Amino acid sequence: MKKKPEWGFKENQELHAAAAFTIRNILEAIMGNIDESRTGKTMIHLGHGDPSVYPCFRTTTIVQDALIESIRSAKFNCYPDGVGIDVARRAIAKYLSRDLPYLLSSDDVFLTVGANHAIEVLLTVLARPGANILFPKPNYPIYEARARFSELEVRHYDLLPDQGWDVDLDGVKALADENTVAIVLINPGNPCGNVFSSEHMKKIAETARELEIMVIADEVYAHQVYGPKPFIPMGVFGDIAPVVTLGSLSKRWIVPGCRFGWIALTDPAGILQQTGIGACLKSCLTISADPPTIIQGAIPSIIENTSKSFFLNINKLLKEAADLFYEALKEIPLVTCPYKPEGSMFAMVKLNISAFDDIVDDTDFCMKLTKEEAMILFPGDAVGLKNWVRVSIGTEKKVLEDAIARLKEFCIRHTKTN
Ligand SMILES: *Cc1c(COP(=O)(O)O)cnc(C)c1O
């Protein structure tokens, strides 16, 4: 045996580089700045989309009952199948089919440890040397982190703020080439709070068809809409181009702690199965983590028994928050929100950075806001838009009012005087 000059294992810098993109890591850096005792203010966290801490956003007791029943039944202590237990897959297939012009079967559904895991699995399946993928700008950061850590070149198409954050379809066509595998869409949008119209989605599907790429439709905010446009799943256009839909319980049921999501092949023409993508998903999931069987066992009851009124109330709270935030922001100097959120739980706010006295960019803005006002926003640079910030509006009304007041004081205090 040849003696090694040093330990055989090494730190992998690539991992750190990929993790640096995640919301968790960026928030950790910002929160390092917090000093509640110095400001005398309790922390307000509008940096991520997790309203589960607020009593008004508490999940339905249906979820609790279903989980308890799943545990008590003792039927779900087993290892699950690699792609999930059939009753849970069937329940998700049925749930998604309600909004589609065709029926999904349990074979079209793969269960994952939340949608983040679904992203990991899908990007792993699609990666190969030379392949590229189209991401929106701005984007949900996990995509960037995951792609960076795989054999996928990332190309960004623009979402257009002055067109309601619609996709720049000409840009998409200009970016794609023979090595493009997919376009990612997030609808309702994170970070923009936008909702795509049916006409626009049809055009996106037609563009994907022309480019011969699949559409990855991240619909973790499915049905979380409160503006003029209804939520329409991208799978409705699955006969134009193959669509892979990602979903989750986290946002609609306000249970990110359940870590339960899915990948659905919403592809009535069967192109994804024919090209072997379905089989690859299965293989990838076989060597990957599973959502706990106990959670899977609760899914049929959660899906079937959650009342409409629970969802309606969540959307009502988000609509009130969007209205309040959008109107109040008009009264605050140096910040603008070009588009009132109509879905999900975020708003993108533009900073008039050159009119600030001593703030150099969005990250500096967030750092100082945290330090002076004990209030956390997410820097736009980290989602792909420099000198914007992302605000989570999924909070209690009085917290949002307090946040708006702090933001106003902060902006006034930092306005250039000459
Ligand atoms: C929150 C979120 C996810 C991840 O959801 P989990 O199911 O909790 O992993 C994925 N995509 C987008 C756009 C999100 O906002």
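Every condition in (1) in a loop (DSSP other than H, G, I, E, B); (2) over 13 Å from Cys411 (Cβ atoms) holds for Ile302 except the one numbered (1).
Here is the figure for segment 334-351: residues that are without any contact (Cβ under 8 Å) to a residue 60 or more places away in the chain and within 15 Å of Asp323 (Cβ to Cβ) total 1. Each residue in segment 159-192 was checked for being assigned to a strand (DSSP E or B) and either within 16 Å of the ligand (Cβ to nearest atom) or over 17 Å from the mean Cα position of the chain (by Cα) (or both), and 10 of them qualify. Would you call Ala279 away from the ligand (no atom under 16 Å from the Cβ), without any contact (Cβ under 8 Å) to a residue 40 or more places away in the chain, among the small types (Gly, Ala, Ser) and in a loop (DSSP other than H, G, I, E, B)? Here the answer is no, as Ala279 does not meet what is asked. Per the listing Asp65, Asp81, the residue uniquely of a type in the set (D, E, K, R) and not in a loop (DSSP other than H, G, I, E, B) is Asp65. Between Phe311, Phe365, Phe346, the distinction of being more than 16 Å from the ligand (Cβ to nearest atom) and under 19 Å from Leu27 (Cα atoms) belongs to Phe365 only. Applying the set (1) over 16 Å from Ile216 (Cα atoms); (2) more than 16 Å from the ligand (Cβ to nearest atom) to Asp108 leaves exactly one unmet item: (1). Taking the conditions (1) surrounded by fewer than 20 Cβ atoms within 10 Å (Cβ to Cβ); (2) closer than 30 Å to Gly84 by Cβ in turn, Ile299 satisfies each one other than (1). In segment 337-380, how many are closer than 21 Å to Gly193 by Cα and assigned to a loop (DSSP other than H, G, I, E, B)? Residues flagged as closer than 21 Å to Gly193 by Cα and assigned to a loop (DSSP other than H, G, I, E, B) within segment 337-380 amount to 10. Taken together, Pro129, Pro80, Pro136, Pro101 contain a single residue that is within 16 Å of the ligand (Cβ to nearest atom) and not assigned by TED's automatic domain parsing to the domain that holds Ala322, which is Pro136.
The residues listed here are Gly380, Gly384; of these, the one that is touching a Phe, Trp or Tyr at 6+ places or on another chain (Cβ under 6 Å), more than 17 Å from Ala322 (Cα to Cα) and touching a residue at least 40 places away in the same chain (Cβ under 8 Å) is Gly380. When residues in segment 247-266 are screened for being assigned to a helix (DSSP H, G or I) and more than 7 Å from the ligand (Cβ to nearest atom), 2 of them pass.
Here His45 clears all of (1) assigned by TED's automatic domain parsing to the domain that holds Trp262; (2) within 16 Å of the ligand (Cβ to nearest atom); (3) touching a strand residue (DSSP E or B) at 6+ places or on another chain (Cβ under 6 Å); (4) over 17 Å from Glu219 (Cα atoms) except the condition numbered (1). In segment 193-232, the qualifying residues are those that are closer than 13 Å to Val167 by Cβ and in a loop (DSSP other than H, G, I, E, B), and the one that is farthest from the ligand (Cβ to nearest atom) is Ser197.
The values are calculated or read from the model by the stated rules, or taken from the named source; none is laboratory data. These numbers come from a predicted model, not from an experiment. Cβ coordinates were reconstructed from backbone atoms using ideal geometry, including for glycine residues, and neighbour counts include every protein chain displayed.
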